[in-house]
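Report on one structure; see the data block that follows.
The values are calculated or read from the model by the stated rules, or taken from the named source; none is laboratory data. Given the structure is predicted, the values throughout are model-derived calculations rather than measurements. As a convention, Cβ positions derive from the backbone with ideal geometry for all residues, glycine included, and neighbour counts pool all protein chains shown.
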């Protein structure tokens, strides 16, 4: 079983879960928001939060509701709990594991402490979430980090290295993400951004960069999770379904990743598969992966774009696609995940 805050996120996670299904008898998803979609290979379980009238945030609702959620979900027979990292869902799965004596695995997907710093959350909430998030990490049976930087972060938080696996990055489907005719035609050299429009993703710095470079065009796609305004040279597409991302990427010359939190952005692999070089910040770059593009702070991107404009981007893109097809398909991902999950499933 895995918890998912809202089912609108399923489009983002479906591919990485679906490839595990041949090795799993049943895959249960507990969710709070959204209607369970039809014709999906999962079993959905809606859980309610109390204080639905409370409009000032989620923390109190969560504290009041979690016991009821646990009471409902422990009735579902499972052999393993699996959760994406993050305080809310780690806490739920931690309690379920203690009640049922079943193991739980955390997929460490980002540095949530740094995300909270970027979001300017008040100090009391930040301390509370950081403390309990680290506690539930330490109590996990296994932690599977998405990259080496996060593995080292977990160790720095005093998590036992013996429960942390080697990094397992995500994969990419080169049949979906591939070169194709662009849908959106730009008049100038075009940078693309795909992902949540949130502070930790560096979206405000990216849009400031766009304002300072009117000689460039920009395509932006993703859920708007913070207040931003778009300059005239930015075309905002809103939230784009996974199946439509390749067409968007193929409309760009390069894909930009301005994040200032650590992880392994799957957008990097998807860009490579579409034969698109990247421009990304040091925080966004997983150093165990070969770089096809330029890694530099956003403050240096003006010069970086000028340099990229002199490169043979088509040739570089072809090398990037060959690289991910050889190392980062979903087949590579599932082989490693099944091995690690098999260690704790009982």
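Listed values, structure above:
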{"item": "Top-ranked residue of the stretch 291-316 - restricted to ones that are assigned to a loop (DSSP other than H, G, I, E, B) and out of contact with any helix residue (DSSP H, G or I) (no Cβ under 6 Å at 6 or more places or on another chain), ranked as nearest to residue 179 (Cα to Cα)", "result": "312"}
{"item": "Positions within the stretch 1-39 being part of a loop (DSSP other than H, G, I, E, B), touching a residue at least 12 places away in the same chain (Cβ under 8 Å) and more than 29 Å from residue 61 (Cα to Cα), in sequence order", "result": "19, 20, 26"}
{"item": "Per-region count, the stretch 167-200, residues free of Cβ contacts under 8 Å to residues at least 60 places away in the same chain and over 19 Å from residue 269 (Cα atoms)", "result": "3"}
{"item": "Test: residue 288 is within 29 Å of residue 85 (Cα to Cα) and touching a residue at least 24 places away in the same chain (Cβ under 8 Å)", "result": "yes"}
{"item": "Single residue of 121, 76 found to be surrounded by fewer than 19 Cβ atoms within 10 Å (Cβ to Cβ), part of a loop (DSSP other than H, G, I, E, B) and either outside the structural domain of residue 46 (by TED's automatic domain parsing) or at pLDDT 90 or above (or both)", "result": "76"}
